[in-house]
Amino acid sequence: MSTIWGAYHFLTEHGISQYGQLQGKFDEVMTSQDRLLSSMKAKEQRIAEIGLLIKHTSTYREYKPVYDRYQKSEDKEKFLRGQESKIILFESAVKALKQMGVQKLPDTAALKQEMAALTGEKKQEYSQYQQIRIQAREIETIKKNVDSLLSAPKQNEKEKNQERG
């Protein structure tokens with residue numbers, strides 16, 4: 001009985017008097033939930049890209065002088081023995097940056113700023129997402145209750161028709 005009153009309270013509180021309105025509200029909440037989830041995933045992906053970009057850019061800048069000295073050295077093999085790991089890291093960073101389509105090294109400070117902004121936006125969206133998720137569960141439960149109430153008379157009618165016929 002409490003589920004019926006809960007459904008009734010929700011419907012009256014939201015001014016829903018027709019099933020189509022309930023379906024519309026359900027669709028609206030689910031669309032909002034999906035939109036927020038997609039937006040958060042896009043931000044997560046961009047944050048990950050920025051993280052890699054910062055990593056490779058920093059590696060490039062750190063080891064570029066070593067690589068330049070390596071290129072100018074008379075005895076490359078001897079130089080390589082002492083600095084091999086740094087040169088490998090530099091070459092790996094160059095390759096990764098090319099794969100990322102980087103033409104000019106980005107400003108690391110600007111990237112960190114963008115990452116912080118995206119992280120803040122994602123955090124805000126996550127808060128909204130949690131609220132929408134609660135609404136979605138609530139309206140889904142209400143919709144199921146209304147659906148079961150509406151199908152109960154139809155079920156009784158079918159049983160009566162089977163008894164008659």
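The values are calculated or read from the model by the stated rules, or taken from the named source; none is laboratory data. The structure displayed is predicted, hence computed values, not measured ones. Virtual Cβ from ideal backbone geometry, glycine too; neighbours counted across all protein chains shown. Only protein heavy atoms, including side chains, enter the accessible area calculation; ligands, DNA and RNA are left aside. Shrake-Rupley method; radii C 1.70, N 1.55, O 1.52, S 1.80 Å.
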Yeah, region 1-55 with a ≥ b ≥ c from its alpha-carbon gyration tensor (a/c under 1.5 is rounded, else prolate when a/b outruns b/c, oblate otherwise) is prolate
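Pairwise over distinct Cα atoms, reciprocal of the mean inverse distance: report the Kirkwood radius of region 26-119 in Å, one decimal place.
After inverting the mean inverse Cα-Cα distance, the result is 15.7 Å.
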Compactness check, the chain: C-alpha Rg relative to the 2.2 N^0.38 Å globular estimate gives 1.97
Each label sits 7 Å from Cα toward the beta-carbon; between Ile134 and Leu105 the label points are separated, in nm, by 4.8
Tell me which lysines have Cα within less than 16 Å of Lys76's Cα, excluding those fewer than 8 residues away on the same chain? Lys64, Lys86
Heavy-atom accessible area per residue, region 100-153, 1.4 Å probe: how many Å²? 70
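Per the helix-only calculation at 222 nm, which mean residue ellipticity applies to the chain, given -39500 (n - 2.57) for every DSSP H run of n ≥ 4 and division by its residues, nearest 500 deg cm²/dmol?
Details: 4 runs with 147 residues, N = 165.
The helix contribution divided over the chain gives -32500 deg cm²/dmol.
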Can you return the aspartates and glutamates within cross-link range of Lys112? Criterion is Cα-Cα under 18 Å, with same-chain partners fewer than 8 residues away left out. Glu44, Glu49, Glu62, Glu121
At a Cα cut-off below 27 Å, give the lysines reachable from Lys144, other chains included and same-chain residues fewer than 8 away excluded. Lys25, Lys154, Lys158, Lys160
What are the ³J(HN,Hα) couplings of region 43-51, residue after residue, when phi is run through the Karplus curve with 6.51, -1.76, 1.60 and θ = phi - 60°? Round to Hz, x for glycine and proline. 5, 4, 5, 5, 4, 5, 4, 5, x
Stokes-Einstein, Kirkwood over Cα pairs, region 24-67, 10 °C, 1.306 mPa s; D in µm²/s equals 122
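Over the chain, with every protein chain in place, what whole percent of the accessible area is carbon and sulfur at 1.4 Å, could you tell me?
Ligands and nucleic acids excluded, carbon and sulfur reach 51 percent.
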Both in Å, the radius of gyration and Dmax of the C-alpha trace of region 43-90 are 14.3, 48
